[in-house]
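Student: Take this structure, written in structure tokens, and hold onto it; I'll ask about it next.
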Amino acid sequence: MRHLLSTKDLSRDEAVAILDIAEDMAGVADREVKKLPALRGKTVVNLFFEDSTRTRVSFEVAAKRLSADVINFSAKGSSVSKGESLKDTAQTLAAMGADAVVIRHSASGAPRVLADSGWIDAGIVNAGDGTHEHPTQALLDAFTIRRRLHGPDARGKALDGVTVTIVGDILHSRVARSNVWLLTTLGATVSLVAPATLLPVSTAGWPVGVSYDLDAAIDAGPDVVMMLRIQAERMNAAFFPNAREYSRQWGLDDERAARLPAASIVMHPGPMNRGLEISANAADSPQSTVLEQVANGVSIRMAVLYHLMSGSDA
Ligand code: CP
């Protein structure tokens, strides 16, 4: 694997192998010295054209734990704000000797353009492109599900038979797309629940069930309920009557959370709109994995950088 652009590109064996490497990487966090020499002498550039807290920081922590040098580059405060193109930016980074570029961009497909361009000879990692994909988020979600359901030493296991309900703003969600491809590759059964206005025009060809009724989905007792953020910044029209109505019909409120089986887990990729798609109690409950997802993000990103940059075959 040279680049990580889409979870569609991952075979089941490759995905399980990345989860297994992440399991090894998770052990590093428990050591007194949280560092491995694996990527000493390599340079990772974090190239963020869109805002981020979790993804940017966890890629930085991951690269540093592997002893790589890290350059953080955000469009704000760089020559991009003077109109510099992606090509010129990439060639500038190439001249500085980047071995891997972690890119977040508002344009769907920007990471693939970079990977196919020949402008830079580096491994490219998609850290979220427009409404297209966010593959490391899906990998950390799969890792979190596997750990919760099978325990910390689940090496070699996939997610066969696990039922996952993804709820909310599917239309604008790169997290949903990456999770649909990855979780089904790993053997999970995935359902989408959303208002019709927040579903893609067609989900034909998606290996999922679709429904509009969150209460019926909750009563089916899924293993995992994944709530999605309402992405107001990508909405140029009214997709639902108002926040109160959205929350009433499609929010995981206290009453719905209480109806979930005790073994079900509640996920959210963050950042959360508390009180809109998820109540504060549901977000902070023992069933919630929100902070585990953040911690697991470091292990997964260490695994991905190691897999791409060490030249090792997982
Ligand atoms: N989940 C996620 O991508 O969060 P950030 O936007 O904070 O990176």
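The values are calculated or read from the model by the stated rules, or taken from the named source; none is laboratory data. Quick caveat: nothing in here was measured; it's all calculated off a predicted structure. When we count neighbours, we look across all protein chains shown, and the Cβ atoms used for this are built from the backbone with ideal geometry, even at glycine.
Student: So which residues in region 116-130 are under 20 Å from ALA63 (Cα atoms) and either modelled with pLDDT of 95 or more or not charged (D, E, K, R) (or both)?
Tutor: From region 116-130, those under 20 Å from ALA63 (Cα atoms) are 120-128; that's our starting set.
Passing the criteria: ILE120, ALA122, GLY123, ILE124, VAL125, ASN126, ALA127, GLY128.
Student: Restricting attention to region 114-128, and to residues there that are under 13 Å from SER6 (Cα atoms) and over 11 Å from the mean Cα position of the chain (by Cα), which single residue is farthest from the ligand (Cβ to nearest atom)?
Tutor: Ranking the candidates gives ALA115 first.
Student: SER106 versus (1) touching a Gly at 6+ places or on another chain (Cβ under 7 Å); (2) within 15 Å of LEU305 (Cα to Cα): which is the lone unmet condition?
Tutor: Tallying (1) touching a Gly at 6+ places or on another chain (Cβ under 7 Å); (2) within 15 Å of LEU305 (Cα to Cα), SER106 fails exactly one: (2).
Student: Would you be able to say whether some residue in region 264-278 is surrounded by fewer than 20 Cβ atoms within 10 Å (Cβ to Cβ) and more than 25 Å from SER52 (Cα to Cα)?
Tutor: There is at least one residue in region 264-278 that is surrounded by fewer than 20 Cβ atoms within 10 Å (Cβ to Cβ) and more than 25 Å from SER52 (Cα to Cα).
Student: While we're on this one: Run down ASP30, ASP20 and say which single residue is free of Cβ contacts under 8 Å to residues at least 40 places away in the same chain and away from the ligand (no atom under 16 Å from the Cβ). So that I can check it myself, show each step before the final result.
Tutor: Details: ASP20 fails: free of Cβ contacts under 8 Å to residues at least 40 places away in the same chain.
Only one candidate passes the filter, namely ASP30.
Student: Under 9 Å between Cβ atoms, at least 6 apart or on separate chains: pull out the pairs that start in region 281-296 with a residue that is free of Cβ contacts under 8 Å to residues at least 12 places away in the same chain and end on any residue that is surrounded by 17 or more Cβ atoms within 10 Å (Cβ to Cβ).
Tutor: Pairs found: ASP284/VAL290.
Student: Something else now. Tell me the residue from ALA303, ALA258 that is surrounded by 22 or more Cβ atoms within 10 Å (Cβ to Cβ) and more than 16 Å from the ligand (Cβ to nearest atom), please.
Tutor: From the options ALA303, ALA258, the qualifying one is ALA303.
Student: Out of all the residues in region 281-308, which are more than 16 Å from ARG56 (Cα to Cα), in a helix (DSSP H, G or I) and of a type in the set (Val, Ile, Thr)?
Tutor: Matches in region 281-308: VAL290 only.
Student: Further question on the same structure: Checking the condition buried (at least 22 other Cβ atoms within 10 Å of the Cβ) and in contact with a Phe, Trp or Tyr (Cβ under 9 Å, 6 or more places away or on another chain), which residue from ALA22, ALA38 passes?
Tutor: Going through ALA22, ALA38 in turn, the sole match is ALA22.
Student: While we're looking at this one, here's another question. Scan region 232-258 and report the pairs whose first residue is in contact (Cβ under 8 Å) with a residue 60 or more places away in the chain and whose second residue is surrounded by 11 or more Cβ atoms within 10 Å (Cβ to Cβ) and outside any loop (DSSP other than H, G, I, E, B), with Cβ atoms within less than 6 Å and a gap of 6+ or a chain change.
Tutor: PHE239/THR197; PHE239/LEU198; TRP250/LEU214; LEU252/MET227; LEU252/ILE278; LEU252/ALA282
Student: Filtering region 50-61 down to residues that are under 11 Å from ASN72 (Cα atoms) and touching a residue at least 40 places away in the same chain (Cβ under 8 Å), which residue is nearest to the ligand (Cβ to nearest atom)?
Tutor: Kept after step one, since they are under 11 Å from ASN72 (Cα atoms), are these residues of region 50-61: 56-57, 59-60.
From what's left, touching a residue at least 40 places away in the same chain (Cβ under 8 Å): 56, 59.
Values: ARG56: 6, PHE59: 9 Å.
It comes out as ARG56.
Student: Okay, next question. For region 142-257, list the strands (runs of 3 or more DSSP E) that sit wholly inside it and hold at least 2 residues that are among the polar types (S, T, N, Q); which are they?
Tutor: Passing ranges, in order: 163-167, 189-193.
Student: Tally time: how many residues in region 270-280 are more than 14 Å from the ligand (Cβ to nearest atom) and part of a loop (DSSP other than H, G, I, E, B)?
Tutor: Residues flagged as more than 14 Å from the ligand (Cβ to nearest atom) and part of a loop (DSSP other than H, G, I, E, B) within region 270-280 amount to 3.
Per-residue answers, yes or no, for (1) among the polar types (S, T, N, Q); (2) surrounded by fewer than 18 Cβ atoms within 10 Å (Cβ to Cβ); (3) without any contact (Cβ under 8 Å) to a residue 60 or more places away in the chain; (4) not assigned by TED's automatic domain parsing to the domain that holds ALA122:
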| site | (1), (2), (3), (4) |
| --- | --- |
| VAL44 | no, no, no, no |
| ASN72 | yes, yes, yes, no |
| GLY77 | no, yes, yes, no |
| LYS87 | no, yes, yes, no |
| LEU93 | no, no, yes, no |
| ALA100 | no, no, no, no |
| ARG104 | no, no, yes, no |
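Student: Checking the conditions here, which among SER6, SER67 is at pLDDT 95 or above and surrounded by 19 or more Cβ atoms within 10 Å (Cβ to Cβ)?
Tutor: Going through SER6, SER67 in turn, the sole match is SER6.
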